[in-house]
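Worksheet for the structure shown next.
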Amino acid sequence: MKQKAKESDIVFPSDKIGVVEQFLPSNGTTHAEDHEIQASVTGRKYIDTQYYKAKVIPFKKGRANPKKGDIIIGHVTLVTNIHVKVTVGYIHKKPINPPISAIMHVSDASSDFIDDLNEFYSAGDIIRAKVIDAKTYPIQLEVSENNHGVLHTTCKICGEDVVKSKKFKLKCIDCNKEQQRNTASDYGNINFTPEY
């Protein structure tokens, strides 16, 4: 019997869905890398228990063209000293497929001064940001308002969920370690299901 995808099972490219010992990849929507089954597209996770396949049901085909001023939600794929790379999965809360590559330079990564981007962002973070240049590739982002920044992340030490304790501080619910992040004002209240 096939298992239906839950509303909360939304994944982005490179998100882990399972391991190769459990499931087979599905051509076009998932792939195997480092013994993991990872998503190849943005969509809803779908586990086919009859054929032991891990799939992704892509969102409606077609992609919105981002414009300057658009608000995006995406996940961080790389952090360096000078920029943050982001894979954009939503524009104005509407899912897009295929996703769009974006970059955010250190000067645009916070409304406050940031000395080290690695202290405020990490690969895997889900962020909200604004498009400041849609004519370049990758598109350019900025975090300039209170509701911009990290919406969800996990502990760098143990991988468990973290809760906000101060403006730039998060605390792990398991190991109690604190870490810095440039969090949005509504950190922890992320809802990937489009509201309109």
Legend entry - Pairs, first in contact (Cβ under 8 Å) with a residue 40 or more places away in the chain and of a type in the set (A, V, I, L, M, F, W, C) in region 149-171, second open to solvent by less than 60 Å² (accessible area, probe 1.4 Å) and part of a strand (DSSP E or B), C-beta under 6 Å, six or more apart: LEU151/ILE126; LEU151/ARG128; PHE168/GLN180
Inset, instruction - Specify the residue that is nearest to the chain's Cα centre (by Cα); the eligible residues are those in region 27-39 that are crowded, with 19+ Cβ neighbours inside 10 Å and modelled with pLDDT under 85. - result: ALA39
Inset, instruction - Output the qualifying pairs, or none if there are none: Cβ atoms under 8 angstrom, residues six or more apart or on different chains, first residue in region 75-93 and closer than 18 Å to VAL41 by Cβ and of a type in the set (Gly, Ala, Ser), second residue open to solvent by less than 30 Å² (accessible area, probe 1.4 Å) and part of a loop (DSSP other than H, G, I, E, B). - result: GLY89/PHE12; GLY89/THR42
Legend entry - Tabulated pairs, region 97-113, first touching a residue at least 40 places away in the same chain (Cβ under 8 Å) and under 16 Å from ARG181 (Cα atoms), second aliphatic (A, V, I, L, M) and open to solvent by less than 50 Å² (accessible area, probe 1.4 Å), C-beta under 7 angstrom, 6+ apart or interchain: ALA109/VAL84; ALA109/LEU117; ALA109/VAL143; SER110/VAL143
Legend entry - Number of the condition not met by LYS93 [criteria: (1) open to solvent by less than 70 Å² (accessible area, probe 1.4 Å); (2) under 17 Å from the mean Cα position of the chain (by Cα)]: (1)
Inset, instruction - Among the residues of region 96-106, count how many are at pLDDT below 90 and open to solvent by 40 Å² or more (accessible area, probe 1.4 Å). - result: 1
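Could you look through region 117-136, keep only residues that are farther than 19 Å from TYR90 by Cβ and touching a Ser or Thr at 6+ places or on another chain (Cβ under 9 Å), and pick out the one that is most open to solvent (accessible area, probe 1.4 Å)?
ASN118
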Legend entry - Residues satisfying the stated conditions in region 13-26, i.e. open to solvent by 60 Å² or more (accessible area, probe 1.4 Å) and either closer than 25 Å to ILE126 by Cα or not in a loop (DSSP other than H, G, I, E, B) (or both): SER14, LYS16, LEU24
Inset, instruction - Please indicate, with yes or no, whether at least one residue in region 123-141 is within 22 Å of GLN179 (Cβ to Cβ) and of a type in the set (S, T, N, Q). - result: no
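Strands (runs of 3 or more DSSP E) wholly in region 137-196 with at least 2 residues that are among the hydrophobic types (A, V, I, L, M, F, W, C) and surrounded by 13 or more Cβ atoms within 10 Å (Cβ to Cβ) - which ones?
139-142, 149-152, 169-172
The values are calculated or read from the model by the stated rules, or taken from the named source; none is laboratory data. Values in this document were obtained by computation on a predicted structure and should not be read as measured data. Reconstructed Cβ throughout: ideal geometry from the backbone, glycine too, with neighbour counts over all protein chains shown. The area values use the complete protein model at the heavy-atom level, side chains included, leaving out ligands, DNA and RNA. Shrake-Rupley method; radii C 1.70, N 1.55, O 1.52, S 1.80 Å.
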